[in-house]
Amino acid sequence: MIDADNWRQTSIDEVVSIFSGAGVSWWIAGGWALDLFLGRITRDHKDIDVQILRRDQLAIQRHLADWKLFKTNQPGLEPWPQGEMLEPPVNSVWARENDDSRWALDIKLMETEGDCWVYRRDPRIRGKIRQLGLRTGTGIPY
């Protein structure tokens, strides 16, 4: 089921279009976030990561109701049933438009405690959610 090379080039503009109206905060993450910060593309990207707060996952699941969503359950993937709240160790969701399409989004789930984000690999690393990330000059969150 996992074909890690079966990704399509989803653009930043597509992500903005897909997530606009989701009603929750989201950020471009990973390599694309670094490129947005630098203002230039530094390398070829096989996928695009979108960070959301774990507590917002069901809102995103409803927003992407027409998509095929799979929870990562390494070493494999499993369909993400409607309404199922994902808990660690599941930390991301792969998304594609339909059964025959290539993967389009890697949605990362960020831990939170109250009004703080918490780094899952070292919970001592944390900060205020309202201070998380930056925005490009055109308002794209990363």
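Counting the residues of segment 34-48 that are closer than 20 Å to residue 68 by Cα and either open to solvent by 70 Å² or more (accessible area, probe 1.4 Å) or in a helix (DSSP H, G or I) (or both) gives 1. Among the residues making up segment 64-86, those that are in a loop (DSSP other than H, G, I, E, B) and either among the hydrophobic types (A, V, I, L, M, F, W, C) or at pLDDT 95 or above (or both) are 64, 65, 66, 67, 80, 81, 82, 83, 84, 85, 86.
Residues that are exposed (fewer than 15 other Cβ atoms within 10 Å of the Cβ) and aliphatic (A, V, I, L, M) were ranked within segment 1-33; the one that is modelled with the highest pLDDT is 24. When segment 76-116 is filtered for residues that are under 17 Å from residue 66 (Cα atoms), open to solvent by less than 40 Å² (accessible area, probe 1.4 Å) and over 16 Å from the mean Cα position of the chain (by Cα), only 101 remains. Applying the condition of being among the charged types (D, E, K, R) and surrounded by 10 or more Cβ atoms within 10 Å (Cβ to Cβ) to segment 117-129 and asking which residue is nearest to the chain's Cα centre (by Cα) yields 120. Taken together, the criteria exclude residue 59 from residues that are out of contact with any Leu (no Cβ under 7 Å at 6 or more places or on another chain), part of a loop (DSSP other than H, G, I, E, B), among the aliphatic types (A, V, I, L, M) and open to solvent by less than 40 Å² (accessible area, probe 1.4 Å). For segment 130-142, give me each residue that is part of a loop (DSSP other than H, G, I, E, B) and either open to solvent by less than 40 Å² (accessible area, probe 1.4 Å) or within 15 Å of residue 53 (Cα to Cα) (or both). Result: 132, 133, 136, 139, 140, 142.
The values are calculated or read from the model by the stated rules, or taken from the named source; none is laboratory data. For clarity, every value in this text was computed on a predicted model and none was experimentally measured. Heads up, the Cβs are rebuilt from the backbone with ideal geometry, glycines too, and the neighbour counts pull from every protein chain shown. For accessibility, only protein heavy atoms count, side chains too; no ligands or nucleic acids. Shrake-Rupley method; radii C 1.70, N 1.55, O 1.52, S 1.80 Å.
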